[in-house]
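As structure tokens, the structure follows; a few thoughts come after it.
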Amino acid sequence: MRSCSSTVSKTTWHDLSRAFLKQYKHVTNMVPSRIVLQDMEPMSNESFRQYAHRWRDVAAQVQPPLSESEVTPMFVETLTGPFYDCMLNHATKDFAYMVLSGELILAAIRSGRLKEEEYDEH
């Protein structure tokens, strides 16, 4: 008598992962473009640091790679309100400096020393 298990093909995790990669191979070839990067915006639930980190992660995937001199100005262009206005003159600084500046601007807004609505629609 034949066992049922001998007639059923056994699928392993390796087989499943190989099938998955074969099915979705086209996605691995899709990398973000500069346009995707320029269109990014902070999400309502993320801090400035989280947005900067998410933006930098996407920037690292752009092909051809961004030069260091392109990174900060492109990041500043995605900002709005007081973040854009206050950082525009410092767009030649390194990215870490911009993240620190953004956090300081956010702290000033939260403390009331800087009014975000004064920068709307400029």
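If you count, for each residue, the other Cβ atoms within 10 Å and average over each peptide, how do 46-55, 32-41 line up from highest to lowest?
By packing density, highest mean first, the sequence is 46-55, 32-41.
Kindly write out, for segment 38-53 in residue order, the coupling ³J(HN,Hα) from the Karplus curve 6.51 cos²θ - 1.76 cosθ + 1.60 (θ = phi - 60°), rounded to whole Hz, with x marking Gly and Pro.
Calculated HN-Hα couplings, in order: 5, 8, 5, 9, x, 7, 5, 9, 10, 6, 4, 4, 5, 4, 4, 5 Hz.
For an R0 of 25 angstrom, estimate the FRET efficiency from the Cβ-Cβ distance between MET30 and ASP94 and round to the nearest 0.05.
So, using R0 = 25 Å, E works out to roughly 0.30.
No value in this document is a laboratory result; all are computed from the given coordinates. The structure presented is a predicted model; accordingly, all values stated were derived computationally and were not measured. Ideal geometry is used to build each Cβ from the backbone, glycine not excepted, and the neighbour counts take in all protein chains shown.
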